[in-house]
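Okay, so here's the structure we're looking at.
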């Protein structure tokens, strides 16, 4: 075997260790061994392993938390080797059932272990292939997405990042407006300078002027020392003003003056300070309507709204929901309970049917809560708070359900076959002509997506 499968063994069989390693190597395995959890973690970080064996002797069996952390981080399947008497420990038995694919009590059966490790390796390969198929083709600062609307967002972010003009980011609450602002900052030439985010709607009206512009010592009651405002703190970098629609008209005047002259004046100061900062802003408020109603200055609106980034709500990104859920599951994996390994198919289906009024923020909250509270291997709808009665409020016609299922089958077939139309058509049992018609029907524009979704007739 030229490229041997790699097996990590945590712990030692003591007197039988050399014989066991030699027997496994004869069966085509390359063995790396670790004597401690820290050493095992270091080996996992420096080399790719196909499977793992954890020898549970009293010295390491007591560190259940460390063992859980190692196994969860490793992304491979593990089996346990254990002394028979250790099975009387209920906590250890719980860990065996939650963390390991199998266990074997000594004496070891090398043939059985080899068979189990072959299965473990196959399971890892399946997960790697699935993860690769679902890997977002594009991402920006923890913003992930595959739908055309999100690829348009990513393209816009890259374009506006290269210039200095103000950018207005619109979208419903929870769609990730601050992430978009950070992505613009990270791609700009100001990336090494500060990024300062201010939520204008979260600050009391009597403090926001001081928060933005700063104040001098003694400028007002309670001003015991000089304060640098957020605009000045962002000098050389990017200032992100979230919920800008909540600013009072008086503060809108001050902000407009800063945008026009690039100078600020701290409260209680006589001198003006020049500040080089790029301003990004966002709000969930309809500013055009606010301008019409006299609640927002039209001149300030045009100053802020030079370039635009519009973030779509999650309900318009159904194809991304599974990818996002798994992305956040991996991000917060150390917060999860011992048993949880992923999402049930029913949970994924209901997540796609749910309306998501809170958008990405709500998705994150539901996923994190489910990861902590779930007591099974797979997260169910009830763990997410998405029981059938919750999703039934969004009535879907038979035609809509049929179109949704058709589009999902089309996307999955193209994804599995690397966008090759002929192979996808064969898998779906339709002609290439029909498949091209379906691509057009469901808005998969091959001419505009060729770079990231290159459909081929092969």
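The values are calculated or read from the model by the stated rules, or taken from the named source; none is laboratory data. Model, not experiment: these values are computed from the prediction. Virtual Cβ from ideal backbone geometry, glycine too; neighbours counted across all protein chains shown.
Here are a few things to note about the model shown:
Residue-by-condition table, conditions (1) crowded, with 18+ Cβ neighbours inside 10 Å; (2) in contact (Cβ under 8 Å) with a residue 12 or more places away in the chain; (3) within 20 Å of residue 286 (Cα to Cα):
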{"site": "146", "(1), (2), (3)": "yes, yes, no"}
{"site": "150", "(1), (2), (3)": "yes, yes, no"}
{"site": "155", "(1), (2), (3)": "no, no, no"}
{"site": "158", "(1), (2), (3)": "no, yes, no"}
{"site": "164", "(1), (2), (3)": "no, yes, no"}
{"site": "169", "(1), (2), (3)": "yes, yes, yes"}
{"site": "175", "(1), (2), (3)": "yes, yes, yes"}
{"site": "178", "(1), (2), (3)": "no, yes, yes"}
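- From the options 223, 233, 219, residue that is out of contact with any helix residue (DSSP H, G or I) (no Cβ under 9 Å at 6 or more places or on another chain) and over 17 Å from residue 302 (Cα atoms): 233
- Every test in (1) farther than 30 Å from residue 386 by Cβ; (2) out of contact with any strand residue (DSSP E or B) (no Cβ under 6 Å at 6 or more places or on another chain); (3) buried (at least 16 other Cβ atoms within 10 Å of the Cβ); (4) touching a residue at least 12 places away in the same chain (Cβ under 8 Å) is passed by residue 266 save one, and that test is (2).
- Failed item, numbered, when residue 45 is tested on (1) at pLDDT below 85; (2) crowded, with 19+ Cβ neighbours inside 10 Å: (2)
- Top-ranked residue in segment 8-19 [being modelled with pLDDT of 85 or more and surrounded by 13 or more Cβ atoms within 10 Å (Cβ to Cβ); ranked as farthest from residue 128 (Cα to Cα)]: 10
- Residues in segment 410-434 that are free of Cβ contacts under 8 Å to residues at least 40 places away in the same chain and in a helix (DSSP H, G or I): 14 in all.
- Any chance residue 186 is modelled with pLDDT of 90 or more and surrounded by 18 or more Cβ atoms within 10 Å (Cβ to Cβ): no
- Test: residue in segment 293-309 that is out of contact with any strand residue (DSSP E or B) (no Cβ under 8 Å at 6 or more places or on another chain), part of a loop (DSSP other than H, G, I, E, B) and closer than 27 Å to residue 443 by Cβ: no
- Selection within segment 77-98: residues that are surrounded by 14 or more Cβ atoms within 10 Å (Cβ to Cβ) and assigned to a loop (DSSP other than H, G, I, E, B). The member of this set that is farthest from the chain's Cα centre (by Cα) is 89.
- Answer residue from segment 131-153, given it is assigned to a helix (DSSP H, G or I), modelled with pLDDT of 60 or more and more than 15 Å from the chain's Cα centre (by Cα) and is farthest from residue 307 (Cα to Cα) among those: 148
- Flag: residue 287 matches the condition of being surrounded by 19 or more Cβ atoms within 10 Å (Cβ to Cβ), over 17 Å from the mean Cα position of the chain (by Cα) and in contact (Cβ under 8 Å) with a residue 24 or more places away in the chain.
- Test for residue 218: is it surrounded by fewer than 16 Cβ atoms within 10 Å (Cβ to Cβ) and at pLDDT 90 or above: no
- Filter pass, residue 253 being touching a helix residue (DSSP H, G or I) at 6+ places or on another chain (Cβ under 7 Å) and either within 30 Å of residue 210 (Cβ to Cβ) or not in a helix (DSSP H, G or I) (or both): no
- So residue 70, is it under 22 Å from residue 110 (Cβ atoms), in contact with a helix residue (DSSP H, G or I) (Cβ under 8 Å, 6 or more places away or on another chain) and assigned to a helix (DSSP H, G or I): no
- Count of residues meeting criterion [touching a helix residue (DSSP H, G or I) at 6+ places or on another chain (Cβ under 7 Å) and part of a helix (DSSP H, G or I)] in segment 335-351: 6
- When 389, 407, 402, 368 are checked against the criterion of being assigned to a helix (DSSP H, G or I), surrounded by fewer than 19 Cβ atoms within 10 Å (Cβ to Cβ), at pLDDT 90 or above and out of contact with any strand residue (DSSP E or B) (no Cβ under 9 Å at 6 or more places or on another chain), a single residue qualifies: 368.
- Condition met for residue 279 (surrounded by fewer than 18 Cβ atoms within 10 Å (Cβ to Cβ) and touching a helix residue (DSSP H, G or I) at 6+ places or on another chain (Cβ under 8 Å)): no
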